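Data block below; observations after.
The values are calculated or read from the model by the stated rules, or taken from the named source; none is laboratory data. Just so we're clear, the structure is a prediction, and the values are computed from it rather than from any experiment. All Cβ positions, even for glycine, are placed from backbone atoms using ideal geometry, and neighbour counts span all protein chains on display. Ligands, DNA and RNA are excluded from the accessible area calculation, which covers all protein heavy atoms including side chains. Shrake-Rupley method; radii C 1.70, N 1.55, O 1.52, S 1.80 Å.
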Amino acid sequence: MPRFSLPAQHEQNKAAFSDADSAARWLAGQPQANASLMSAEITKQLEAFNRFATSPRNRFKTLEVLRKAVFAVSGEGQRRFEYRPLPLLTAEQNAFDGARRLWRSCALGYLYCLDACLDRDDGIASYGGRVAHRVLACLRMEQQLCYLANAELGADFWRILHAVWRAVEQLGAAREPVADRLLGESSESTPRGQYAMMLMLHFARPYALSRAQFGSVLRGLGRWREQAAVLNVPDDNPKSCCVALDLSSDTPSCALADG
């Protein structure tokens with residue numbers, strides 16, 4: 001059974017780059033001062049590169065070269081739609097749709113790499129925790145964009161997120177520290193911390209928060225996410241709060257109950 005329902009790939013490469021070095025050269029020649037054009041072009045090239053049947057290690061190294069630019073253009077585009085009155089104006093909606101598509105395209109590229117880690121591919125198996133962390137970071141950025149734009153998450157969002165967590169458990173990488181300063185909260189975090197943070201952010205009723213409140217919640221969760229645990233059975237500590245998860249579901253949780 002397919003783990004992530006990944007699209008088929010082809011031998012022909014229609015992207016403007018084929019590896020990390022050519023991606024860096026391509027990136028250097030792009031109009032990086034124009035965030036909207038840059039976002040659309042990176043998305044276009046990522047989608048083409050995702051269809052290219054290259055080695056998982058080469059894919060991962062290439063995505064890493066592009067990652068900083070993805071964060072930069074997404075951050076610029078976000079200012080055009082965050083906390084705007086609904087319905088969004090056409091330009092605002094286009095900016096949101098473009099940023100969301102960018103992060104999903106980036107996540108898909110890393111999902112191919114994560115699938116190879118599960119298959120114990122010799123070229124990338126040792127990077128399992130880092131790859132899983134990258135997928136979770138992409139999904140988390142998509143999640144935040146939706147909350148900031150007062151838009152619903154896609155129907156497949158939670159299913160993909162839970163599937164990634166199952167992969168993390170299979171790889172034994174839940175507590176592996178991964179350096180990532182681009183997220184802005186700390187120098188490193190674990191896949192378990194990122195997964196827990198996404199669930200807790202949802203439980204914080206993000207659509208009801210002001211800009212300042214949302215920022216405060218992110219900072220607080222960034223400090224405390226590593227204290228959360230994902231358990232096989234509920235914690236019997238009377239001071240704990242357990243959330244029942246169904247990892248085959250399209251929802252974030254089954255129920256919220258005091259343990």
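Listed conditions (1) modelled with pLDDT of 95 or more; (2) assigned to a loop (DSSP other than H, G, I, E, B) are all met by residue 30, apart from (1). Within region 168-178, if we keep just the residues that are closer than 11 Å to residue 195 by Cβ and either in a helix (DSSP H, G or I) or of a type in the set (Ser, Thr, Tyr) (or both), the residue that is nearest to the chain's Cα centre (by Cα) turns out to be 168. Would you be able to say whether some residue in region 183-197 is within 17 Å of the chain's Cα centre (by Cα), more than 21 Å from residue 75 (Cβ to Cβ), open to solvent by less than 40 Å² (accessible area, probe 1.4 Å) and hydrophobic (A, V, I, L, M, F, W, C)? Looking for residues that are within 17 Å of the chain's Cα centre (by Cα), more than 21 Å from residue 75 (Cβ to Cβ), open to solvent by less than 40 Å² (accessible area, probe 1.4 Å) and hydrophobic (A, V, I, L, M, F, W, C), one finds at least one in region 183-197, hence yes. For beta carbons closer than 7 Å, sequence separation of 6+ or different chains, a first residue in region 134-148 that is more than 12 Å from residue 101 (Cα to Cα) and a second that is of a type in the set (Val, Ile, Thr) and assigned to a helix (DSSP H, G or I), the qualifying pairs are 135/164; 136/164. State yes or no: is residue 25 open to solvent by 30 Å² or more (accessible area, probe 1.4 Å), assigned to a helix (DSSP H, G or I) and at pLDDT 95 or above? Yes, satisfied. Scanning region 89-111 for residues that are open to solvent by 30 Å² or more (accessible area, probe 1.4 Å) and not polar (S, T, N, Q) yields 89, 91, 97, 100, 101, 104, 108.
Output the residue which, of all residues in region 137-164 that are among the acidic types (Asp, Glu) and outside any helix (DSSP H, G or I), is most open to solvent (accessible area, probe 1.4 Å). Selected residue: 152.
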